[in-house]
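*Asks:* First the structure, then my questions, so here it is.
The values are calculated or read from the model by the stated rules, or taken from the named source; none is laboratory data. Worth saying up front: this structure is predicted, and the values here are computed from it rather than measured. Don't worry about glycine lacking a Cβ; one is built from the backbone with ideal geometry, like all the others, and counts go over all protein chains shown. With ligands, DNA and RNA removed, areas are computed over all heavy atoms of the protein, side chains included. Shrake-Rupley method; radii C 1.70, N 1.55, O 1.52, S 1.80 Å.
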Amino acid sequence: MINYNPFWNTLKKSNETTYTLINHHHISSSTIDKLRKNKPMNTTTLNDLCRILNCRLEDIAEYEPSENDQVL
């Protein structure tokens with residue numbers, strides 16, 4: 001399962017807020033909701049967040065094995 005907990009820590013350390021992401025950088029409120037709920041997100045959005053926050057992908061997301069992962 002992809003977990004976005006690192007995003008919230010990175011956001012706290014930055015000069016950005018969810019308000020500025022939505023109103024200044026045009027990140028949708030539904031994207032913020034996906035981050036809160038660890039829902040799937042496209043790589044373009046992850047790229048945008050990395051650019052805005054000047055960080056690496058691992059500063060936004062991490063993989064954690066889960067029993068709920070689909071069977072391969």
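*Asks:* Considering only residues that are under 21 Å from PRO65 (Cβ atoms) and either part of a loop (DSSP other than H, G, I, E, B) or open to solvent by less than 30 Å² (accessible area, probe 1.4 Å) (or both), which ones fall in the stretch 23-54?
*Replies:* Within the stretch 23-54, LEU35, ASN38, LYS39, PRO40, MET41, LEU46 meet the criteria.
*Asks:* Residue pairs, Cβ under 6 Å, 6 or more apart or interchain, first in the stretch 43-72 and of a type in the set (D, E, K, R), second surrounded by 15 or more Cβ atoms within 10 Å (Cβ to Cβ). List them.
*Replies:* ASP59/PRO6; ASP59/THR10; GLU62/PRO6
*Asks:* Moving on to the next point. State the number of residues belonging to the stretch 55-72 that are closer than 19 Å to ASN3 by Cα and loosely packed, with under 14 Cβ neighbours inside 10 Å. Please lay out each step first, then the result.
*Replies:* Initial filter on the stretch 55-72 (closer than 19 Å to ASN3 by Cα): 55-71.
Checking which are loosely packed, with under 14 Cβ neighbours inside 10 Å leaves us with 56-58, 63-71.
Summing the residues that are closer than 19 Å to ASN3 by Cα and loosely packed, with under 14 Cβ neighbours inside 10 Å in the stretch 55-72 gives 12.
*Asks:* Next up: Select from the stretch 7-22 the residues that are open to solvent by 80 Å² or more (accessible area, probe 1.4 Å) and part of a helix (DSSP H, G or I) and list them in ascending order. Don't jump to the end; show me each part of the working.
*Replies:* Initially, the stretch 7-22 is screened for residues open to solvent by 80 Å² or more (accessible area, probe 1.4 Å), giving 9, 12-13, 15, 19.
Result: ASN9, LYS12, LYS13, TYR19.
*Asks:* Please verify whether the stretch 60-70 includes one or more residues that are on the phi < 0 side of the Ramachandran plot, assigned to a helix (DSSP H, G or I), touching a helix residue (DSSP H, G or I) at 6+ places or on another chain (Cβ under 9 Å) and at pLDDT 95 or above.
*Replies:* Within the stretch 60-70, the subset on the phi < 0 side of the Ramachandran plot is 60-70.
Then keep just the ones that are assigned to a helix (DSSP H, G or I); that gives none.
Looking through the stretch 60-70, none of the residues is on the phi < 0 side of the Ramachandran plot, assigned to a helix (DSSP H, G or I), touching a helix residue (DSSP H, G or I) at 6+ places or on another chain (Cβ under 9 Å) and at pLDDT 95 or above.
*Asks:* Next up: Would you check if TYR4 is among the aromatic types (Phe, Trp, Tyr), at pLDDT 95 or above and open to solvent by 60 Å² or more (accessible area, probe 1.4 Å)? Steps first, answer last, please.
*Replies:* Working: among the aromatic types (Phe, Trp, Tyr): yes; at pLDDT 95 or above: yes; open to solvent by 60 Å² or more (accessible area, probe 1.4 Å): no.
When the stated conditions are applied, TYR4 does not pass them.
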